[in-house]
Amino acid sequence: MTVEFVGMIGASYYSESATPTGPAIDQAYLRRFARAYDEGGFDWTLVPYGSAAPESNQLAAAVLGRTERLKVMLAHRPGVLFPTNAARAFATLDQLSDGRLGIHFLAGGNNTEQRREGDYLGKDQRYERAAEYTQILRRAWASAEPFSHHGEHYRFENYSSQVLPTNRGMTVSVGGSSDAAYRLGGAEGDVFGLWGEPLAETAEQIGEVNRYADAAGRPHPRIWVSFRPIIAATDELAWERAQGILGGIKQNFTPKTPLPVGAAAAPQNVGSQRLLTVAAKGEHHDRALWTPTATATNAAGSSTALVGSYETVAAALLDYVDIGCELLSVRGYDPLNDAVDLGRYVLPLVRQELAHRTAA
């Protein structure tokens, strides 16, 4: 099993535990952040998507232009761009970066976010559209031969492009925690992304994704699981730090997508609902999983923490490797500084143990 590490990069400083300040794009910060991942041994960084955030395609290009080996997993919402335009844009960026681009498809789980950009499809329709979209991109990337398409959501004739990805394809990742997401990921994904839940619940989700892959006659996607580690030299110091971060979240956190007036407070997406259900069962799970950060943010994205010393968190990550997770997403609540510390102290411990297992 090949295990890869994934970060997440922003165009300026942002933490749920601090009051937002500064510009939307801070080029000096972005440069330091990208270099920290590149030099710290991370394999990938996610470039996130948000309707009010810096445009993700351009941000991905900036990150790739500031790094040498780091790969970018570009989050993308089907429906924002026409698929032939997206296929050409992504192929161009992949060529310019010598094959360092992957695409993380997000069908969309928040109606407020979707409608900001004119998308009024229901959830099931969004997933159906995402499947059609992904199939079009894969075909467009595979060959310059012209082809036409007449589908439920898209129609075009005689599309072709001279620009193809470096390897005539790219890593396709799918994220989500609903049955519709498992179906899409099993049928179309090379990678499937999950937020950090306890080991038992994570194993159940992996089983569901694999079941849909089997039904589609496809290889099982590689599993990507995401955590927010809170680390220090000792477990005691890490827990002190965790309490400080939790206090900062309670005092400062503001959702990036505020709820419309009169809207229900419960999150719409199943992933957030699942994290809150896990948190309601208890604060501590397995070796190091800690859930109050999810409760404090109303599970606004990946928000569960792994708390402990470098050795404790490395061991906890290996627990997830043991149940089949091959991509480990680790980003802290102090994003840049934590990226440096994770690359310096945690990633080498995980890789050392994996090398020992291989040798044995």
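The values are calculated or read from the model by the stated rules, or taken from the named source; none is laboratory data. Predicted, not measured: the structure shown is a model, and the values here were computed from it. Cβ sites come from the backbone with ideal geometry, for glycine too, and all protein chains shown count toward neighbours. For the accessible areas, the whole protein counts, side chains as well, though only heavy atoms, and no ligand, DNA or RNA atoms are used. Shrake-Rupley method; radii C 1.70, N 1.55, O 1.52, S 1.80 Å.
Would you say ALA266 is free of Cβ contacts under 8 Å to residues at least 60 places away in the same chain and either farther than 20 Å from ASP341 by Cα or of a type in the set (A, V, I, L, M, F, W, C) (or both)?
It is true that ALA266 is free of Cβ contacts under 8 Å to residues at least 60 places away in the same chain and either farther than 20 Å from ASP341 by Cα or of a type in the set (A, V, I, L, M, F, W, C) (or both).
Mind checking which pairs have a first residue in segment 153-168 that is open to solvent by less than 30 Å² (accessible area, probe 1.4 Å) and among the polar types (S, T, N, Q) and a second that is at pLDDT 95 or above and assigned to a loop (DSSP other than H, G, I, E, B), Cβ under 8 Å, 6 or more apart or different chains?
Going by the 8 Å Cβ cut-off, the qualifying pairs are SER161/ALA144.
Looking for whichever is part of a helix (DSSP H, G or I), more than 23 Å from HIS153 (Cα to Cα) and either among the basic types (Lys, Arg) or modelled with pLDDT of 95 or more (or both) here; the options are PHE42, PHE90, PHE33. Which one fits?
Only one candidate qualifies: PHE33.
Can you name the number of the only condition in (1) in contact with a Ser or Thr (Cβ under 9 Å, 6 or more places away or on another chain); (2) free of Cβ contacts under 8 Å to residues at least 60 places away in the same chain; (3) charged (D, E, K, R); (4) open to solvent by less than 20 Å² (accessible area, probe 1.4 Å) that ARG35 fails?
It fails just one condition, (4).
Working carefully through the options GLY207, GLY193, GLY217, find the one that is on the phi > 0 side of the Ramachandran plot and either at pLDDT 95 or above or open to solvent by less than 40 Å² (accessible area, probe 1.4 Å) (or both).
Of the residues listed, the single one that is on the phi > 0 side of the Ramachandran plot and either at pLDDT 95 or above or open to solvent by less than 40 Å² (accessible area, probe 1.4 Å) (or both) is GLY217.
Is at least one residue of segment 94-105 polar (S, T, N, Q), crowded, with 19+ Cβ neighbours inside 10 Å and under 26 Å from TYR345 (Cα atoms)?
Checked segment 94-105: no residue is polar (S, T, N, Q), crowded, with 19+ Cβ neighbours inside 10 Å and under 26 Å from TYR345 (Cα atoms).
Okay, residues lined up against (1) in a strand (DSSP E or B); (2) farther than 20 Å from PHE192 by Cβ:
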| site | (1), (2) |
| --- | --- |
| LEU317 | no, no |
| GLU326 | yes, no |
| SER329 | yes, no |
| TYR333 | no, yes |
| ASN337 | no, yes |
| LEU347 | no, yes |
| THR358 | no, yes |
